[in-house]
Amino acid sequence: MNETPATGNGRPLAERIASRLLYPTSRPRETTLRAEVSGRIVLVTGASHGIGKASAHKLGAAGAIVLLVARSRPDLEQVAAEIAAAGGTVHVYPTDLTDMDAVERLGHEMLDAHGHIDVLVNNAGKSIRRSIDESYDRFHDFTRTIDVNYLGPVKLLLTLLPSMRERRQGHIVNISTWGVRMPPAPRWAAYGASKSAFDVWLRSVAAEIAADKVTTTSIYMPLVHTRMSAPTDFSRVPGLTVDEASDLVCHAITTKPREIAPWWSSGVQAWSDLTRGRAQRFMERTFRR
């Protein structure tokens, strides 16, 4: 289970069918994507691997000017070389999103170099699965996840939003998780809390910036088989490949819906809201087993 397969090829047919039924994806026409992003400046965080890397490749092939952000310069330069070899225009900005001063410098540097940002794909993320009894001496687990998943993106947008609002143009795509719409899952406290924090922040801000023609899309991404999910054994759980997940990112950029979520998540969310006590007891029994 890793990010190697770029498509569904190589996966068992039953798994491909199950993932498509549970998590339908939408691949925009190449002409539609090109019409939307050609010549536009698209910033992708977490661009060195997984969903960010696959999305950057597709956006670069469609004519976008792609700005790549991640911690590792060598990894970013490798991705940039691949995009450039395919005819794309790309720039790399190695940045640690846990360093708030560096994030602010990043925003100003990109605005100085390119004038504006048309689309921000907030994809960088940190995932930790650990029970609370293994976390008593690991407060850094919570600070790391909150910095990458919440505070870093907030700091970046505080730098970029004034330009977007002044130009009355901009789109923000947030790679969230279906987990924020579900009953809180045992062992995922650090990850779930940090992703929920940015989800609520962005939805709140979206109501304020809509009058300035700045739009947002929250993608409540289902399980995606990447190196981030690999430490947990999801081998029996249907999930998306990075290629399928990046199709959702491109779909979000071209159609700009307020949210994209698995078709079944609204029903589960409604059930958990209406029967919160039962949902909590269900999670407790599941954890004990």
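The values are calculated or read from the model by the stated rules, or taken from the named source; none is laboratory data. Nothing here was measured: the structure is a model prediction, and the numbers come from that model. We place every Cβ from the backbone using ideal geometry, glycine too, and count neighbours over all the protein chains shown.
For the stretch 267-278, give me each residue that is in contact with a helix residue (DSSP H, G or I) (Cβ under 8 Å, 6 or more places away or on another chain) and either modelled with pLDDT of 70 or more or not β-branched (V, I, T) (or both).
Q269, W271, S272, listed by residue number.
Take L97 and decide whether it is at pLDDT 95 or above, in a loop (DSSP other than H, G, I, E, B) and either touching a Ser or Thr at 6+ places or on another chain (Cβ under 6 Å) or not small (G, A, S) (or both).
yes
Do we have any residue at all in the stretch 81-91 that's closer than 22 Å to L160 by Cβ, under 19 Å from the mean Cα position of the chain (by Cα) and modelled with pLDDT of 95 or more?
The answer is no, given that none of the residues of the stretch 81-91 is closer than 22 Å to L160 by Cβ, under 19 Å from the mean Cα position of the chain (by Cα) and modelled with pLDDT of 95 or more.
Could you please find all residues in the stretch 33-50 being surrounded by 24 or more Cβ atoms within 10 Å (Cβ to Cβ) and in contact with a Gly (Cβ under 6 Å, 6 or more places away or on another chain)?
Within the stretch 33-50, V44, G46 qualify.
Please count how many residues of the stretch 145-179 are surrounded by fewer than 22 Cβ atoms within 10 Å (Cβ to Cβ) and modelled with pLDDT under 95.
Adding up the residues that qualify gives 2.
Tell me yes or no: at least one residue of the stretch 237-256 is at pLDDT below 95, under 20 Å from I128 (Cα atoms), out of contact with any Pro (no Cβ under 9 Å at 6 or more places or on another chain) and not basic (K, R).
Within the stretch 237-256 (the criterion being at pLDDT below 95, under 20 Å from I128 (Cα atoms), out of contact with any Pro (no Cβ under 9 Å at 6 or more places or on another chain) and not basic (K, R)), the answer is yes, since at least one residue qualifies.
Checking A61 against (1) closer than 17 Å to D247 by Cβ; (2) buried (at least 23 other Cβ atoms within 10 Å of the Cβ), which test does it fail?
Among (1) closer than 17 Å to D247 by Cβ; (2) buried (at least 23 other Cβ atoms within 10 Å of the Cβ), A61 violates only (2).
Name the pairs: first residue in the stretch 46-75 and part of a strand (DSSP E or B), second residue of a type in the set (S, T, N, Q), Cβ to Cβ under 8 Å, at least 6 apart or on different chains?
From residues that are part of a strand (DSSP E or B), the pairs are I65/T89; V66/T89; L68/S48; V69/T45; V69/T95; A70/T45; A70/S48; A70/T95.
What are the pairs with Cβ atoms under 6 angstrom where one residue, in the stretch 80-92, is surrounded by fewer than 20 Cβ atoms within 10 Å (Cβ to Cβ) and the other, located anywhere, is part of a helix (DSSP H, G or I)? Sequence gap at least six, or different chains.
Note: pairs meeting the criteria are A86/A61.
Taking R281 as the residue in question, decide whether it is modelled with pLDDT under 80, part of a helix (DSSP H, G or I) and loosely packed, with under 13 Cβ neighbours inside 10 Å. Let's see the steps before the verdict.
Values: modelled with pLDDT under 80: yes; part of a helix (DSSP H, G or I): yes; loosely packed, with under 13 Cβ neighbours inside 10 Å: yes.
For R281, the condition - modelled with pLDDT under 80, part of a helix (DSSP H, G or I) and loosely packed, with under 13 Cβ neighbours inside 10 Å - is met.
Among what's in the stretch 114-134 and is of a type outside the set (A, V, I, L, M) and surrounded by fewer than 16 Cβ atoms within 10 Å (Cβ to Cβ), pick the residue that is farthest from A70 (Cα to Cα). First the steps, then the outcome.
Start the filter on the stretch 114-134 by keeping residues that are of a type outside the set (A, V, I, L, M), which leaves 114-116, 118, 122-123, 125-127, 129-131, 133-134.
Subset that is surrounded by fewer than 16 Cβ atoms within 10 Å (Cβ to Cβ): 114-116, 129-131, 133-134.
Working: H114: 18, G115: 21, H116: 19, R129: 22, R130: 24, S131: 28, D133: 32, E134: 29 Å.
So, considering only residues that are of a type outside the set (A, V, I, L, M) and surrounded by fewer than 16 Cβ atoms within 10 Å (Cβ to Cβ), the one farthest from A70 (Cα to Cα) is D133.
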